[in-house]
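Notes follow the structure.
The values are calculated or read from the model by the stated rules, or taken from the named source; none is laboratory data. Just so it is clear, the model here is predicted, and its values are computed rather than measured. Here the Cβ positions follow ideal geometry from the backbone for every residue, glycine too, while neighbour counts run over all protein chains shown.
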Amino acid sequence: MTAHVLPPAPAVQRPRVLVVGAAFAAAASFTVFIGLIGIYLAARVDVVGSGAAWLPEGATIPLQQPNTMFITLIMSVFTMQWAVAAIAKNDRVNSYLAMGLTLMLGIATIVMTTYLWYLMELDIASGIQGVLIYTITGAHIVMLVLAMLFVALMGLRALGGQFTARQHDGITAAAVFWYAMVAVYALIWISIYVTK
Amino acid sequence: MALTDTRPETGTDASAVAPSVVPSPLTIFGTGDHKAVGTFYVLAALVFGIAGWVAAALSLGHEVGSNSFLSSSTAMQLGQTSDLGLILLVIVPLFLGLGTYIVPLQVGASTVAFPRAAAAAMWTWLLSSGIFIVASFIDGGFGGSREKSVSLTLMGLGGLIVALLLGTVCVLTTAVTLRTPGMTLDRVPMFTFSMLVGGAIWLLTLPVLLANLLLIWVDHRYSGGTTFGAAATQFEQVSWITHEPQIYAFLIPGLGIIADVIATLTGARLAQRNIFLFAIGAFGVLSVGAWAQPAIYPSVSDDLVWQAMGLLMLLPVLVFFGGVAKALKDGKPSLKSPLGLAVVSLLLTLLAVFAGALLVITPLELRASNVFATGQFVLAIAAALAAAAAGIGYWGPKMTGGQSADGLGKLNVLVLLGGGALGGLSLCVMGFSNRFTGLDGAHDVLIIVSSIGCALLALGGALALLGLLSGARKGAPEAAADAWGTGQTLEWACPSPPPTGNFGDLAIVRSPEPLLDEEV
């Protein structure tokens, strides 16, 4: 007679604390930009409504660099998701590679933003436009640097052997914040660079 | 899963040594214990509260007569600093402190989520508050003449908003992810639910204030203060957090405290609990005010949505009021001070919302001057302070391990009711002076009455502080785990004060009142 064997108890559901926390932080960061861009759009409507041009004399916003940054950041979404998918399969080498590529794409975006600032020839003291554009794009660079630090920290923790296929909340959380940062750029791209 | 199954993180020996009652400065540096962090928030916010109401009384007193003891620039900066300070240094941190302490206990967690981040948030808030206060007092308030002091004020404000947001993320994450088995979101205690709603609204609105401050700072620092940083318009850009509908966002956790206090001190389950949940949720939705910025949108007070929000806000408050009245009628109210403070808070909330509804009615022309809106602000902040005082009285035995002196609490019921009513209503009455010319002559009297009200509110903060400390004094009667004997939620299942790890084994929660199920 064979003994009746009960199926094993289900694994304890790990609360995804870090992912939820990162989502809240991403939502708060996103809201900062909603506020900034709302003020930007309101100011632009006022200036244009008064019959003046939005950008001051001599200033220009080329589209090539913002488009390149957008494509770069969209690529970074794929590399970040690659990192998450790889660690979920315990493929650590691919995960390290993907996080490294994501960081490189982030650095490329910072370089391109500073180059764009140089090309714009927009003085911060030129009026409301300079203050708004530099504050918004500068704040986005700050968010990008924070996202890069998050990814780098999780990469180091992964190198230390902390994440597994079953438990990789840290990398997922960094990815959530990264996606929010890219979403913010999408807003900036359409509001500042495209519809100028 | 067995009834006594325990999650790994809650598997702590309940007989572990309880922490000291009020954290000593030596132990609190570096601690990530949510109880120490929460207590420190509450203590510091109460001290700031006393100072804030005194500053408000002084800035109002400046309006009396012609021989002012303050220059108008100083009085204006003092008033603006106290307005922002009462929200960001007092009310939000008071609720956040209670949330950091109580929410993990209410959801059956061993700790707050990200305990080190919660501690870092508290210290950053404290440091930034110090910077904000000092910079404001060296002519660095909004529109101040010392450029570097103004920069410092803006940085201090920015720092404390970031800190409050970080602390809010910790509390929200605790409520979302660390609930004990069986505690679904509709079963969480009212205070936890109200922190969820309130915290979410803070996360969606305070970053916009940060955006305002960022623009003011960049313009002030790098562009000569010609647009956003212009001295005359700086405060106008951030003043939306002191006006409706945003001001209500800082009252939301108070509703949860009121509901929890009423349920416990009437000794009965809240009937039609979903109505309370709806009222708190609707109150939260109607308090989103980051879009209503007069500096950006000058005609906002003519906006139909803004006016509708002001009027509709009456609905959830009246529903909530009805629920509380029914609970008091059906239950057996125990006449303890937290119950009285909860009722005072609800009355002041009702007055604030009623004043807000009058404010949006254009034919009344109450927006012609800022006086009526200031009266509404005082009523709202007094309501929040009374709710926080109710929470401190209610959970004080849990926090200190000793029974607080209830006499102090009962005195505080009168003080806060008097302070809120005198401080707020007198200004509201004065707001009608555009319609009733006879009120012009009463200007000085009404301002003096309002100043006295603000002074009483400062006294109310001091009494709440003394009440909390009285539970920690030597010789205070020891508080039982269920200090009121009629506790319904999980915080009353752990010892007072809770040991490290809070709980031992916890049963699976099967209703919103798990302790009553246990008794059955």
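Points to keep in mind about this one:
- One residue stands out among those in segment B:176-187 that are more than 10 Å from chain A (Cβ to nearest Cβ) and either within 20 Å of B:Ile257 (Cβ to Cβ) or aliphatic (A, V, I, L, M) (or both): the one that is surrounded by the most Cβ atoms within 10 Å (Cβ to Cβ), which is B:Met183.
- Scan of segment B:49-81 for residues that are under 18 Å from the mean Cα position of the chain (by Cα) and crowded, with 24+ Cβ neighbours inside 10 Å, ordered by number: B:Gly49, B:Gly52, B:Trp53, B:Ala56, B:Thr81
- Meets criteria (surrounded by fewer than 16 Cβ atoms within 10 Å (Cβ to Cβ), under 20 Å from the mean Cα position of the chain (by Cα) and in a helix (DSSP H, G or I)) for A:Thr72: no
- Qualifying residue in segment B:125-132 (condition: closer than 30 Å to B:Phe503 by Cα, of a type outside the set (Gly, Ala, Ser), within 14 Å of chain A (Cβ to nearest Cβ) and part of a helix (DSSP H, G or I)): no
- Matching option when the condition is assigned to a helix (DSSP H, G or I) and of a type outside the set (Val, Ile, Thr), among B:Ala119, B:Ala113, B:Ala109: B:Ala119
- Qualifying residue in segment B:405-423 (condition: touching a residue at least 24 places away in the same chain (Cβ under 8 Å), outside any helix (DSSP H, G or I) and over 20 Å from the mean Cα position of the chain (by Cα)): yes
- Within segment B:188-209, considering residues that are within 7 Å of chain A (Cβ to nearest Cβ) and either surrounded by fewer than 22 Cβ atoms within 10 Å (Cβ to Cβ) or β-branched (Val, Ile, Thr) (or both), the one nearest to B:Gly143 (Cα to Cα): B:Val208
- Check on A:Met80, over 13 Å from A:Trp178 (Cα atoms), of a type outside the set (Val, Ile, Thr) and in a helix (DSSP H, G or I): no
- Checking A:Leu101, A:Leu146 one by one, the residue that is surrounded by fewer than 17 Cβ atoms within 10 Å (Cβ to Cβ) and either more than 13 Å from chain B (Cβ to nearest Cβ) or at pLDDT 95 or above (or both) is A:Leu146 and no other.
- Lone qualifier among B:Gly130, B:Gly159, B:Gly140 - being out of contact with any Cys (no Cβ under 8 Å at 6 or more places or on another chain), of a type outside the set (Lys, Arg) and crowded, with 23+ Cβ neighbours inside 10 Å: B:Gly140
- Scope segment B:185-230; condition without any contact (Cβ under 8 Å) to a residue 12 or more places away in the chain, among the hydrophobic types (A, V, I, L, M, F, W, C) and not in a helix (DSSP H, G or I); matching residues: B:Ala230
- In segment A:96-113, the residues that are aromatic (Phe, Trp, Tyr) form Cβ pairs under 8 Å with partners that are loosely packed, with under 15 Cβ neighbours inside 10 Å, at six or more places apart or across chains, as follows: A:Tyr96/A:Leu159.
- Those helices (runs of 4 or more DSSP H) lying entirely in segment A:92-196 with at least 3 residues more than 19 Å from the chain's Cα centre (by Cα) and not charged (D, E, K, R): A:92-120, A:128-159
- Output for segment B:345-381, where each listed residue is assigned to a helix (DSSP H, G or I), over 18 Å from the mean Cα position of the chain (by Cα) and not hydroxyl-bearing (Ser, Thr, Tyr): B:Phe354, B:Ala355, B:Gly356, B:Ala357, B:Leu358, B:Leu359, B:Pro363, B:Leu364, B:Val371, B:Phe372, B:Ala373
- Residue match in segment B:487-508 (condition: more than 21 Å from B:Trp395 (Cα to Cα), surrounded by fewer than 18 Cβ atoms within 10 Å (Cβ to Cβ) and among the β-branched types (Val, Ile, Thr)): yes
- Residues in segment A:41-52 that are among the β-branched types (Val, Ile, Thr) and farther than 13 Å from B:Tyr297 by Cα were compared, and the one that is farthest from the other protein chains (Cβ to nearest Cβ) is A:Val48.
- Evaluation of B:Ile216 against the conditions (1) modelled with pLDDT of 95 or more; (2) at the interface with chain A (Cβ under 9 Å from one of its Cβ atoms); (3) more than 17 Å from the chain's Cα centre (by Cα) shows that the sole unmet condition is (2).
- Scanning segment B:286-311 for residues being within 14 Å of chain A (Cβ to nearest Cβ), under 22 Å from the mean Cα position of the chain (by Cα) and among the aliphatic types (A, V, I, L, M) gives a total of 3.
- Listed by first and then second residue, the pairs with beta-carbon distance under 9 Å, at least 6 apart or on different chains, first residue in segment A:18-40 and more than 7 Å from every other protein chain (Cβ to nearest Cβ) and of a type in the set (Ser, Thr, Tyr), second surrounded by fewer than 24 Cβ atoms within 10 Å (Cβ to Cβ) and not in a helix (DSSP H, G or I), form an empty list.
- Taking residues in segment B:43-69 that are among the polar types (S, T, N, Q), and partners anywhere that are at pLDDT 80 or above, the pairs with Cβ atoms closer than 8 Å and at least 6 places apart or on different chains are B:Ser59/B:Ala75; B:Ser59/B:Met76; B:Ser59/B:Leu78; B:Ser59/B:Gly79; B:Ser59/B:Ser82; B:Ser68/B:His62; B:Ser68/B:Ala75.
- Residue within segment B:440-461 that is in a loop (DSSP other than H, G, I, E, B), touching a helix residue (DSSP H, G or I) at 6+ places or on another chain (Cβ under 9 Å) and of a type in the set (Asp, Glu) present: no
- Looking across segment B:269-297, just one residue is crowded, with 21+ Cβ neighbours inside 10 Å and farther than 19 Å from B:Ile201 by Cβ, and that is B:Leu270.
- Contact map, segment A:182-195: first residue under 12 Å from A:Asn67 (Cα atoms), second residue of a type outside the set (A, V, I, L, M, F, W, C) and not in a helix (DSSP H, G or I), Cβ cut-off under 9 Å, separation 6 or more or different chains; pairs are A:Tyr193/A:Pro62.
- All of A:Tyr134, A:Tyr179, A:Tyr115 fail the test of being surrounded by fewer than 22 Cβ atoms within 10 Å (Cβ to Cβ) and more than 15 Å from A:Met69 (Cα to Cα), apart from A:Tyr134.
- Taking the conditions (1) at the interface with chain A (Cβ under 9 Å from one of its Cβ atoms); (2) within 22 Å of the chain's Cα centre (by Cα); (3) surrounded by fewer than 24 Cβ atoms within 10 Å (Cβ to Cβ) in turn, B:Thr227 satisfies each one other than (2).
- A:Leu55 vs. criteria more than 10 Å from every other protein chain (Cβ to nearest Cβ), in contact (Cβ under 8 Å) with a residue 24 or more places away in the chain and over 18 Å from A:Ala125 (Cα atoms): no
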